[in-house]
Amino acid sequence: MTDKGFQVIGINFRGYGESDKSDDPNFYGTTNFSNDVINLINDLKLEKICLIRYSMGTVIALDLLHEYTDYFSKVVMIATGDGLIGMPPFIFENALSGLAKLLSYDRFPSHLQNHISAYWSCYKQIGLEKESMIAFILAKYPPLSAQKASKINIPILIISGEKDLMLGQGQNITEK
């Protein structure tokens, strides 16, 4: 608990750290990750959570905000973009399929664009298990439609790079 009365809880999603891992893509995906978050919230008897998510976690945040609105009071989504709501050219699931191939390289893929090859370095540096990460990447992460996203009535701060080459900017995510 912080001096201001906040409790900070960090989650290692399936596939990361000491959490469970699998080589089966069905073990991962938006629905399973969202259910894990809701189960944790219910087990800890938490109410009106301020949710802060980064990158991949923003996919789960959008699903949580759509499916479990009453659990959350405020949200910060960092490194997110319009690709999460299926807006071309940065459609999230398309970007993920390229990342799965990226993990097959044994050496740094210097022949690829810098913003893609940087993910290879990230996976190597944090020591993720290759087969479980490929399954993680190939799981189902359907976009929340722009129409559904616009119905979210929780204050959201979206922090997005002006030139995010993976997901684009996030200005259309909750535009009404």
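Return the residues of region 38-68 that are under 14 Å from residue 13 (Cβ atoms) and of a type in the set (Ser, Thr, Tyr); say none if nothing qualifies.
54, 55, 58
Does residue 15 satisfy the condition of being in contact with a Phe, Trp or Tyr (Cβ under 7 Å, 6 or more places away or on another chain), modelled with pLDDT under 90, on the phi > 0 side of the Ramachandran plot and not β-branched (Val, Ile, Thr)?
yes
In this structure, is residue 61 surrounded by 17 or more Cβ atoms within 10 Å (Cβ to Cβ) and in contact with a Gly (Cβ under 8 Å, 6 or more places away or on another chain)?
Details: surrounded by 17 or more Cβ atoms within 10 Å (Cβ to Cβ): yes; in contact with a Gly (Cβ under 8 Å, 6 or more places away or on another chain): no.
Taking the combined requirement at face value, the residue does not satisfy it.
For region 64-81, check the following and say yes or no: at least one residue is surrounded by 16 or more Cβ atoms within 10 Å (Cβ to Cβ), within 21 Å of residue 159 (Cβ to Cβ), among the charged types (D, E, K, R) and modelled with pLDDT under 95.
No, region 64-81 has no match at all.
Applying the selection to region 129-157, what residues are within 14 Å of residue 76 (Cα to Cα) and surrounded by 18 or more Cβ atoms within 10 Å (Cβ to Cβ)?
Answer for region 129-157, where residues must be within 14 Å of residue 76 (Cα to Cα) and surrounded by 18 or more Cβ atoms within 10 Å (Cβ to Cβ): 152, 156.
Every residue in region 82-97 that is surrounded by 15 or more Cβ atoms within 10 Å (Cβ to Cβ) and either in a loop (DSSP other than H, G, I, E, B) or at pLDDT 85 or above (or both), please.
Initially, region 82-97 is screened for residues surrounded by 15 or more Cβ atoms within 10 Å (Cβ to Cβ), giving 82-87, 90-93, 95-96.
Within region 82-97, 86, 87, 90, 91 qualify.
Among the residues of region 2-25, are any part of a helix (DSSP H, G or I) and touching a helix residue (DSSP H, G or I) at 6+ places or on another chain (Cβ under 8 Å)? Write out each step before concluding.
Applying the first criterion (part of a helix (DSSP H, G or I)) to region 2-25 yields 25.
Within this subset, residues satisfying the condition of being touching a helix residue (DSSP H, G or I) at 6+ places or on another chain (Cβ under 8 Å) are 25.
Yes, there is a match, as at least one residue in region 2-25 is part of a helix (DSSP H, G or I) and touching a helix residue (DSSP H, G or I) at 6+ places or on another chain (Cβ under 8 Å).
The values are calculated or read from the model by the stated rules, or taken from the named source; none is laboratory data. All figures in this text were calculated on a predicted structure; none of them were measured in a lab. Cβ atoms come from the backbone with ideal geometry, glycine included; neighbour counts cover every protein chain shown.
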